[in-house]
Amino acid sequence: MSRRPFVAGNWKMHKTASQAGPFVQELAVRVPEHIDAAVCVPFTDLAAAVAGAAGSPLKVFAQNMHQLEQGAFTGEVSAAMLLDLGVDGVLIGHSERRQYFAETDDALRAKLATAHAAGLDVILAVGETAPQREAGETESVLRRQIETAFAGLADDRAAATTVAYEPVWAIGTGKTATPDMAQQAHAFIRSLFPAAVGERVRIQYGGSMKPENAAELLAQPDIDGGLIGGASLDIEPFAAILAAAA
């Protein structure tokens, strides 16, 4: 089955609202046909990014959301709040959220269900740390993360979820999994779903994809796009990755 490539830029804690609007407006006209593209931006940038992307195919994602509709959760943001801003989707489970903010697989299962119920597109990030990889635990970690997050989710919603495989040891380190290593992990993730679901799930590579290695990574049969970190903060390298995906 042919899956439409999907490339998303994760800005992390970069860019102010005054920077986000013009950047997104410039980027939006660089999105090629036949692919999906998004930017995952800080909460304060969402309104400006939505305005900048208006009328274009570029989607705007939040970087996190709470699993409950409302309540006494200071500093958190709900799905309804994102929808009210015109946001298209949400990135959940990034390794930095897991590592620094103690997000658990169980919490992510609730967030995934809530996001889908609200009508948001979802990117769920999964991946192993360096010690886990060195201990030969890559597949067991991925299995736990996927099976817990998707437990109880209807097949149509599971198939509509994008999974981002981010080998944590390759994020911000300059290291990149070889195309063969990345393909092996992506194929394993796909195998964790029922066949009819797995053939539809898009799996992005999220480990230091750059213009120099994008084409080779994206040529792998189970790599359907990228979750881009540092290279998404500047127009030209990000546009080059979008072009490679097209």
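Values quoted throughout were computed directly from the atomic coordinates according to the rules given, and no laboratory measurement underlies them. Just so we're clear, the structure is a prediction, and the values are computed from it rather than from any experiment. Every residue, glycine among them, receives a Cβ derived from its backbone with ideal geometry; neighbour counts consider all protein chains shown.
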Thr148-Ala72 FRET efficiency (beta carbon distance; Förster radius 30 Å; 0.05 resolution):
0.70
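Apply the a/c threshold of 1.5 to the C-alpha gyration tensor of region 9-161 and tell me whether it is rounded, prolate or oblate.
The shape class here is prolate.
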Fully extended, how many nm does the chain gain between Leu85 and Thr44 (0.36 nm per residue separation, minus their Cα-Cα distance)?
13.6 nm
Assigning unit charges at the beta carbon (Lys, Arg +1; Asp, Glu -1) and nothing else, what dipole magnitude in debye, to the nearest 20, does region 85-218 show about its Cα centre?
140
Could you check the spin-label model distance between Ser140 and Ala187? Points 7 Å from the Cα along Cα→Cβ, value in nm.
2.3
Please work out the C-alpha center-to-center distance from region 200-228 to region 74-126 and express it in whole Å.
22
When we measure straight from the Cα of Lys210, which lysines land under 28 angstrom away, once same-chain ones fewer than 8 places off are left out?
Lys12, Lys15, Lys59, Lys175
Run the simple label-point estimate for Lys175 and Gln220 please: 7 Å along Cα→C-beta, distance reported in nm.
1.5
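Given a Förster radius of 25 Å and the C-beta distance between Ile235 and Ser18 as r, what FRET efficiency does 1/(1 + (r/R0)^6) yield to the nearest 0.05?
Given R0 = 25 Å and the Cβ-Cβ separation, E is 0.90.
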Among 213-224, 42-53, 72-83, the order from most to least packed when residues are scored by Cβ within 10 Å on average
42-53, 213-224, 72-83
